[in-house]
Amino acid sequence: MSRSFTVPMVLARNVRKSYGAFEALRGIDLEVGPGQVMCLIGPSGSGKSTFLRCINHLEKISAGLLAVDGDLVGYRRGGDRLYELRDREVCAKRAEIGMVFQRFNLFPHMTAVQNVCLGPVTVKGDDKAAVRERAIALLDRVGLSDKVDSYPTQLSGGQQQRVAIARALAMQPKLMLFDEPTSALDPELVGDVLDVMKGLANDGMTMVVVTHEMGFAREVADSVVFMDAGAVVESGTPEQVLGNPQHERTKAFLAKVL
Amino acid sequence: MNDERAALPTVPVRHPGRWVGALVVLVLAVMAGHSLFFSDVTTATGLHRERFEWSVINEYFTSDIILRGLVVTLQLTVLAMVLGVVLGIVMAVLRLSPNPLMSGASWLYIWFFRGTPVYVQLLFWYSISYVFPTLSLGIPFGPEFFTVNMNTAVTPYVAAVVGLGLNEGAYMAEIVRAGILSVDEGQTEAAQALGMSRLQTMRRIVLPQAMRVIAPPTGNEVISMLKTTSLAAAITVGELTNGAKIIYSRTYEVIPLLMVASFWYLIVSSVLTVGQYYVERYFAKGALREMPPTPAQKLRAKFVGLRNPGGVR
Ligand SMILES: Nc1ncnc2c1ncn2[C@@H]1O[C@H](COP(=O)(O)OP(=O)(O)O)[C@@H](O)[C@H]1O
Ligand SMILES: [Mg+2]
């Protein structure tokens, strides 16, 4: 009962995004409470990545309302008006949201620990030595204490993705976005990354995860949202959406991925 | 069947063509060496002299005028390249700006300076005081705060640095732009997702990675600039080629002095080539799993291997 009084970490009301005449998002409504894990599933091109990118303002929404932790994404309320945020303010908001990409996007000219340290040092201006200590602890947490000084090319895909997760965590985000974090990995490496994510979820991190790993969704997610053609088709608990889908499109999609 | 084949001796492919080719090269080399070092010519007046006059080359190789010219050549190369690289980065970033006025201005700059000969540009800067006798700092179309006499401010040396640097900037802009575009978009995205500003992203993420693409052609540009500075002789700058010219217009020993200059250019460009190798290697950091050994390291490994054969490296 008390949940209805807490501010949702992510709140989307009729979120729309167009590229020219093409509508990638056609009115998304959803809500992610603090400490909750939401899994976004759906066929390729359904707008999952676009929606994630809107949440940390890598894309600007065309219409609707999108708020993170009670603040509108990209705007600041002043009296009865909304002021568009300056670049600096947008950066500050993004710093509170971690993002993990399908293709890792580690910085190849930096070692694992340098990748993890970069954000806190350049964005927050934290003390270098302290950050390095924290970074090493984070790398240890994702099981890479022996790869601290390795360059990304010297790491396997699974190891790179775990460094990427540590890099995002180093900013001490209040929300983590994952865009198909295991899709580019060899099957035997998927488990290690999912284990790290499960650990995060257990520690109470709020997470929005785009994934095709139905086992993970079933085990970890508080809610599952099925998207198709830029709209939410069906949402609910994992048992509802994955175990007892109501819509034909959901059924057809699940038949394909399961 | 397999065992039978394994037991037979193998005959490597023969390359008779390579032997013929090598012989031709050897003969040509002996001929070149002979005419360079051991042959004489008879002049119209019946005098005998060394064909390439090595004694003259030797006499002027470290003469004052030549050495002073060499220093000026090196200065011009460094200054023009610094100006060129700075302008190149600025112009490349402007060119990629979403603001059409910015990218348009950069386009115009590149179009003009790449489209006219650098020799003409040098003459233009040398004569700049003809069109702009004075340069003033002030409010556009309003009062002026102070004024510079261009005739005295733009010495031939200054004209050479400005001319060569502005021209170089146009080429460097294209090189830097290609480098920036070579960096994966995911890199910018990851940096932005961390909350880094555009400037931080450019400086910490994009440019360092772009350097891998920018460094090799920039090395070429430096070597090319070393030689292009000889055009400054046309506007009376006392650089290396001009030094040689000053001497041979007095002694008429044209070829030996051109060889003096050439040897110096070769020496400097050889040093630059070695430097280029190490700079490129530095910026390849992280792009390769393991760095290939440098020539020096290879040589050392070979000698250590000779001393204790069978030993571990
Ligand atoms: N920058 C863009 N310009 C034009 N169309 C885009 C752009 N980004 C995404 N799209 C389109 O939006 C749709 C949704 O893309 P995306 O969010 O990446 O899908 P998903 O992640 O679900 O596979 C796709 O049809 C894609 O082609
Ligand atoms: Mg996607």
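Bear in mind these aren't lab numbers, they're just calculated from the coordinates by the rules spelled out. Just so it is clear, the structure is predicted and the values come from calculations on it, not from any experiment. Note that we place each Cβ from the backbone using ideal geometry, even for glycine, and neighbour counts take in every protein chain shown.
Please state the relative contact order of the stretch A:16-95 as a whole percent: Cα pairs under 8 Å, 6+ residues apart?
On the way: 65 pairs, mean separation 18.2, N = 80.
With pairs under 8 Å counted, the relative contact order is 23 percent.
Over the Cα atoms of the stretch B:48-284, each weighted equally, I'd like the Debye log10 I(q)/I(0) at q = 0.10, 0.16 Å⁻¹, rounded to two decimals.
-0.61, -1.16
Using +1 at the Cβ of each Lys and Arg and -1 at the Cβ of each Asp and Glu in the protein assembly as shown, identify which of B:Gly275, B:Leu123, A:Thr237 lies farthest towards the dipole's positive end.
B:Leu123
With a point put 7 Å past each Cα toward its Cβ, work out how far B:Leu23 is from B:Leu266 in nm, to one decimal.
Spacing of the two 7 Å Cα→Cβ label points: 2.9 nm.
Given the Cα atoms of the protein assembly as shown, and with Rh set as the inverse mean 1/r over their pairs in the Kirkwood sense, what is Rg to Rh to two decimals?
Details: Rg = 33.5 Å, Rh = 29.9 Å.
That ratio is 1.12, to two decimals.
About the Cα centre of chain A, what is the dipole size in debye to 20, counting +1 per Lys and Arg Cβ and -1 per Asp and Glu Cβ, all else neutral? Write down the numbers at each step before the final one.
On the way: 30 positive and 31 negative charges, 149 e Å.
I would put it at about 720 debye.
Report, by chain and number, residues whose modeled amide H sits under 5 Å from the one on A:Ser18, excluding near sequence neighbours (fewer than 5 apart, same chain).
For A:Ser18, the qualifying residues are A:Ala24, A:Ser62.
Could you list, in their original order, any pairs among A:Lys124/A:Lys174; A:Lys147/A:Lys174; A:Lys60/A:Lys174; A:Lys147/B:Lys285 whose Cα atoms are separated by more than 23 Å?
On the way: A:Lys124/A:Lys174 15 Å; A:Lys147/A:Lys174 26 Å; A:Lys60/A:Lys174 21 Å; A:Lys147/B:Lys285 17 Å.
Violating the 23 Å limit, Cα to Cα: A:Lys147/A:Lys174.
GNM, chain B, Cα, under 10 Å: largest mean-square fluctuation among B:Arg177, B:Arg51, B:Arg300?
B:Arg300
Computed on alpha carbon atoms, what radius of gyration and Dmax characterise the stretch B:1-126, expressed in Å?
29.4, 82
Within the stretch A:69-123, list the trypsin sites (Lys or Arg not before Pro) lying in a DSSP loop whose Cβ has at most 15 other Cβ atoms in a 10 Å radius.
Details: sites: A:Arg76, A:Arg77, A:Arg81, A:Arg86, A:Arg88, A:Lys93, A:Arg94, A:Arg103; in loops: A:Arg86, A:Arg103.
Hits after loop and neighbour filter: A:Arg86.
Run the dipole for the protein assembly as shown about the Cα centre, Lys and Arg Cβ at +1, Asp and Glu Cβ at -1, nothing else charged, and hand back the magnitude in debye, nearest 20. Provide the component values of the computation, followed by the final result.
Values: 54 positive and 49 negative charges, 114 e Å.
Here the size comes out at about 540 debye.
Going toward the positive end of the dipole of the stretch B:172-227, with +1 on Lys and Arg Cβ and -1 on Asp and Glu Cβ, which of B:Ile175, B:Thr188, B:Gly219 do you reach last?
Result: B:Gly219.
Compute a Gaussian network model of chain A, connecting alpha carbons closer than 10 Å, and tell me which residue from A:Glu234, A:Glu89, A:Glu188 fluctuates the most.
A:Glu188
To the nearest 20 debye, what is the magnitude of the charge dipole of the stretch B:48-284 about its Cα centre, counting +1 on the Cβ of each Lys and Arg and -1 on the Cβ of each Asp and Glu?
On the way: 14 positive and 14 negative charges, 31 e Å.
It works out to roughly 160 debye.
Above 20 Å lies some portion of the pair distances; for the stretch B:114-213, what is it as a whole percent of all C-alpha pairs? Don't skip to the answer; put the middle values down first.
Details: 2981 of 4950 pairs.
Everything past 20 Å amounts to 60 percent.
Find the centroid of the Cα atoms in the stretch B:20-50 and in the stretch B:111-168, then give the distance between the two in whole Å.
When both Cα centres are located, 49 Å separates them.
Please find the FRET efficiency linking A:Ala255 to A:Lys124, where r is the Cβ-Cβ separation and R0 is fixed at 60 Å, and quote it to the nearest 0.05.
With a Förster radius of 60 Å, E is 0.80.
Post the alpha-carbon centroid distance, the stretch B:169-241 to the stretch A:145-223, in whole angstrom.
36 Å
What residue among B:Arg95, B:Arg212, B:Arg198 has the largest mean-square fluctuation in a Gaussian network model of chain B, using Cα springs under 10 Å?
Among B:Arg95, B:Arg212, B:Arg198, the largest GNM mean-square fluctuation belongs to B:Arg198.
If you plug each phi of the stretch B:15-30 into the Karplus form 6.51 cos²θ - 1.76 cosθ + 1.60 with θ = phi - 60°, what whole-Hz ³J(HN,Hα) values come out, in order, with x for Gly and Pro?
The phi angles translate into 10, x, x, 5, 5, 4, x, 4, 5, 4, 4, 4, 4, 4, 5, 5 Hz.
Please name which of A:Cys91, A:Leu258, A:Gly42 has its Cα lying farthest along the dipole of chain A towards the positive end, using unit charges on Cβ (Lys, Arg +1; Asp, Glu -1) and the Cα centre as origin.
A:Cys91
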